[in-house]
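What follows is a single structure, written as C-alpha cells, with notes after it.
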C-alpha cells in the first residue's frame with residue numbers, strides 16, 4: 001500500500017511539473033501576444049510615446065538628467081548624417097539599443113518622469129552636447145566604442161560623439 | 001489483492017511518465033521549430049534590405065553618370081533630385097540591417113552627404129546658377145566612390161547567393177557555427193572602413209556638410225574659472241523663491257562644444273539631485289540648468305509666466321531679448337527668447353526658459369544656442385524694401401506683420417530676411433524673403449494648439 005502511495009505521490013509530482021511546464025510555455029505564448037499588441041499601439045501613437053519607452057527601459061534607474069541625456073542621444077542621431085532620419089528608424093535600427101533587442105522596451109511602462117525627460121530633450125536641452133553614443137562602462141561593450149570622443153558621464157552612462 | 005493494486009499503480013505511473021515525456025518532447029520540438037522559422041523570417045527580411053541596398057547603390061551609380069554627361073539643365077535637376085531620393089532610400093535600407101552594434105557611421109554619412117550634396121546642386125541649377133569646377137569634381141569623386149561601393153557589395157552578394165554567408169547563425173544550413181554568422185556584419189564593417197579612406201571630407205551649402213560639425217562657440221570669453229568659482233556662479237544664478245538650502249558640488253567635467261563643470265544641487269540633508277547645471281570653464285557662463293522637482297497644479301497664467309521668464313534672463317545679463325514662442329506641457333511653460341539688434345530679430349541667438357506654473361519659479365534654462373552663435377552682426381543694407389515685400393504677398397495672402405530677422409539656413413549660415421507673417425484664410429504661415437536678392441528662403445506653417453505655438 002505504501003508503495004502505491006509513493007507511486008501516486010510521484011505521479012502527482014510529475015503531473016505538477018508537467019502543469020508547471022505548460023504554465024511556463026503558456027506564459028511565454030502570452031507574453032509574445034502582449035508584445036505584438038503593444039507594438040501595434042505604439043505604432044499608432046506618437047514618437048514621444050516610443051521615446052519615453054526607450055528612456056524607461058534604458059535609463060529608468062538613472063537620475064533625471066541622465067534620462068534627458070538618453071532621449072537627447074536619440075534626437076542627435078535623428079539630426080545626424082550618420083544615422084537614419086526619424087525617431088522610430090533610429091530606435092528600431094536592429095541591435096542599436098539593448099532594450100529593443102531584449103524586449104525590455106515593452107516590459108516597462110514609462111513614468112511621468114520619463115515623459116518629462118523626453119519633453120525637455122525635445123525642447124532642446126541636451127546635457128550631452130550632441131553625443132551619438134552612450135554605454136554603461138561597467139558592462140562589456142564592443143571595443144570600437146571606446147574610440148569615440150567621450151563628452152561626459154552622467155550616472156552610470158558614458159556619453160560620446 | 002495487494003499485488004494487483006501495485007501492478008495497477010505501476011501501470012498508471014508508467015503511462016503518466018511516458019505521456020509527460022512525450023508532451024515535453026512535443027513542446028521542445030514546437031518551440032525550437034518556431035524559433036527556427038522566426039530566425040529564417042528575420043534572415044529573409046535582412047536579406048531583402050541587403051538586396052534593396054544593392055539595387056539603390058546601382059541606381060545611384062547610373063544616375064550619377066547620367067547627371068555628369070547630360071547637357072540639359074532641367075534633365076540635370078531631375079537626375080540630381082532622383083539621386084537624393086535614392087540615397088535616402090539606401091540610408092533606410094542600411095538602417096534595417098542588423099548592424100546597430102557596429103560602427104557603420106561612414107556608410108550612412110556617405111549616403112547622407114551624397115544625397116544632400118546633389119539636392120543642394122539641384123537647387124543651385126534651378127536658380128540658374130552655374131556649377132563650379134570644384135562641385136563637378138566632388139560629383140566625380142562621388143561617382144568613383146559609388147562605383148567602388150557597388151563592386152564591394154556585388155562581391156558580397158555573390159557569396160550570399162551561394163549560401164556561404166548570412167546574418168543570423170544557422171539559418172540557411174543547420175550546423176553552421178556562430179562565427180560564420182557574423183561574417184556578413186564583419187564584411188560590412190570592412191566596406192565601411194574602406195569607404196572612410198576613399199571618401200574625402202567635403203564642404204558645401206547643406207546641413208550634412210563637414211563644416212557644420214566644426215562650429216566654434218562665438219560668445220564664450222573671459223578667463224578660466226575654478227570649481228569653487230563655478231559653485232558660486234551656480235548658486236547665484238538659479239531662481240530660488242522658496243529659499244531652499246542646497247548642497248552644491250562639481251560632479252563632472254564635460255568636454256562638449258563648450259567645456260564645462262557639471263554641478264549637482266541636492267537639497268541639504270538629502271541625496272536627491274534636484275538641479276543639474278553646466279557652467280563653462282572659460283568665462284563661467286551658465287550654459288544650461290534643469291530643476292527636476294515635481295510641479296503642482298497651475299496657479300499663474302501664461303502671460304505672467306512669460307513675464308517672469310523675461311525678468312529672470314534680464315537680471316542675468318541677457319538684455320534686448322524678445323519672446324518668440326512658448327509651449328505649455330503639463331504644468332510648465334517653455335519660453336524661447338531671441339536677441340534683437342536694432343530692429344532686426346536674430347533667431348540663432350536664442351535662450352530657452354522653463355517656468356513652473358505652480359509658483360512661477362524658473363526650473364530650466366538653456367543658452368547653448370546663444371553662447372554658440374551670439375556676436376554683434378554687421379547688418380547689411382536691405383536691398384528690398386518692406387513695401388515691395390508687402391505688395392508681392394498682399395495679393396494672395398492676408399499679411400499681418402513684416403519684420404526684419406536673421407535666420408540660419410540649412411548649412412548654419414546666417415541670412416538676413418524679411419519675415420512675413422500672413423494668413424491664407426484661417427491658416428497662418430511664416431515666409432522668409434532674402435533681403436539681398438528677394439529669394440524665398442523658407443516657408444513655415446504655424447500650428448496653434450492649446451499648448452502653444454509650433455511651426456512646421
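The values are calculated or read from the model by the stated rules, or taken from the named source; none is laboratory data. Bear in mind the structure is a predicted one, so any value in this text is a computation, not a measurement. So basically every Cβ, Gly included, is an ideal-geometry build from the backbone, and we count neighbours across all protein chains shown.
Restrict the check to the stretch B:360-381 and report whether at least one residue is touching a helix residue (DSSP H, G or I) at 6+ places or on another chain (Cβ under 8 Å), in the same structural domain as residue B:293 (by TED's automatic domain parsing) and farther than 20 Å from residue B:277 by Cα.
Scanning the stretch B:360-381 turns up no residue that is touching a helix residue (DSSP H, G or I) at 6+ places or on another chain (Cβ under 8 Å), in the same structural domain as residue B:293 (by TED's automatic domain parsing) and farther than 20 Å from residue B:277 by Cα.
Quick one: would you say residue B:91 is closer than 30 Å to residue A:142 by Cβ, modelled with pLDDT of 90 or more, buried (at least 18 other Cβ atoms within 10 Å of the Cβ) and in the same structural domain as residue B:139 (by TED's automatic domain parsing)? Please lay out each step first, then the result.
Values: closer than 30 Å to residue A:142 by Cβ: yes; modelled with pLDDT of 90 or more: yes; buried (at least 18 other Cβ atoms within 10 Å of the Cβ): yes; in the same structural domain as residue B:139 (by TED's automatic domain parsing): yes.
Considered against the rule, which asks whether it is closer than 30 Å to residue A:142 by Cβ, modelled with pLDDT of 90 or more, buried (at least 18 other Cβ atoms within 10 Å of the Cβ) and in the same structural domain as residue B:139 (by TED's automatic domain parsing), residue B:91 comes out as yes.
In this structure, does residue B:196 turn out to be out of contact with any strand residue (DSSP E or B) (no Cβ under 8 Å at 6 or more places or on another chain), surrounded by fewer than 17 Cβ atoms within 10 Å (Cβ to Cβ) and more than 22 Å from residue B:99 (Cα to Cα)? Give the steps one after another, and end with the answer.
Working: out of contact with any strand residue (DSSP E or B) (no Cβ under 8 Å at 6 or more places or on another chain): yes; surrounded by fewer than 17 Cβ atoms within 10 Å (Cβ to Cβ): yes; more than 22 Å from residue B:99 (Cα to Cα): no.
Criteria not met by residue B:196.
Which members of the stretch B:401-411 meet the condition of being at pLDDT below 90 and either more than 30 Å from residue B:119 (Cα to Cα) or in contact with a strand residue (DSSP E or B) (Cβ under 8 Å, 6 or more places away or on another chain) (or both)? Spell out the reasoning first.
If we filter the stretch B:401-411 for residues that are at pLDDT below 90, which is where we start, we get B:408-411.
Result: B:408, B:409.
For the stretch B:207-219, which positions are touching a helix residue (DSSP H, G or I) at 6+ places or on another chain (Cβ under 6 Å) and within 13 Å of another protein chain (Cβ to nearest Cβ)?
B:208, B:217
Please pick out the residue among B:268, B:230 that is more than 21 Å from residue A:131 (Cα to Cα) and either surrounded by 22 or more Cβ atoms within 10 Å (Cβ to Cβ) or within 24 Å of the chain's Cα centre (by Cα) (or both). First the steps, then the outcome.
Details: B:268 fails: either surrounded by 22 or more Cβ atoms within 10 Å (Cβ to Cβ) or within 24 Å of the chain's Cα centre (by Cα) (or both).
One residue alone meets the criteria, B:230.
Specify the residue that is nearest to residue B:51 (Cα to Cα); the eligible residues are those in the stretch B:94-123 that are surrounded by fewer than 22 Cβ atoms within 10 Å (Cβ to Cβ) and either at pLDDT 95 or above or more than 10 Å from chain A (Cβ to nearest Cβ) (or both).
B:119
Please list, ordered by residue number, the strands (runs of 3 or more DSSP E) wholly in the stretch B:251-344 having 1 or more residues that are at the interface with chain A (Cβ under 10 Å from one of its Cβ atoms) and over 20 Å from residue A:120 (Cβ atoms).
Values: elements: B:259-267, B:273-280, B:286-291, B:321-329, B:332-341.
Filter on the stretch B:251-344 gives B:259-267.
For the stretch B:66-120, which residues satisfy the criterion of being within 23 Å of residue B:44 (Cβ to Cβ), free of Cβ contacts under 8 Å to residues at least 40 places away in the same chain, part of a loop (DSSP other than H, G, I, E, B) and in contact with a helix residue (DSSP H, G or I) (Cβ under 8 Å, 6 or more places away or on another chain)?
Listed by number, the list is empty, since nothing qualifies.
Test residue B:47 against the criterion of being assigned to a helix (DSSP H, G or I), modelled with pLDDT under 90 and closer than 21 Å to residue B:192 by Cα, and give yes or no. Full working, then the answer.
Numbers: assigned to a helix (DSSP H, G or I): yes; modelled with pLDDT under 90: yes; closer than 21 Å to residue B:192 by Cα: yes.
So residue B:47 passes the test.
Condition check: farther than 30 Å from residue B:148 by Cα, more than 11 Å from every other protein chain (Cβ to nearest Cβ), outside any loop (DSSP other than H, G, I, E, B) and at pLDDT 90 or above. Does residue B:15 satisfy that? Walk me through how you get there before you give the answer.
Values: farther than 30 Å from residue B:148 by Cα: yes; more than 11 Å from every other protein chain (Cβ to nearest Cβ): no; outside any loop (DSSP other than H, G, I, E, B): yes; at pLDDT 90 or above: yes.
For residue B:15, the condition - farther than 30 Å from residue B:148 by Cα, more than 11 Å from every other protein chain (Cβ to nearest Cβ), outside any loop (DSSP other than H, G, I, E, B) and at pLDDT 90 or above - is not met.
Looking at B:223, B:245, B:194, which is the one that is closer than 30 Å to residue B:50 by Cα and either touching a residue at least 12 places away in the same chain (Cβ under 8 Å) or within 24 Å of the chain's Cα centre (by Cα) (or both)?
Result of the check over B:223, B:245, B:194: B:194.
Since residue B:409 meets every condition but one in (1) crowded, with 17+ Cβ neighbours inside 10 Å; (2) within 30 Å of the chain's Cα centre (by Cα); (3) not assigned by TED's automatic domain parsing to the domain that holds residue B:291, which condition does it not meet?
Going through (1) crowded, with 17+ Cβ neighbours inside 10 Å; (2) within 30 Å of the chain's Cα centre (by Cα); (3) not assigned by TED's automatic domain parsing to the domain that holds residue B:291 one by one, residue B:409 breaks only (1).
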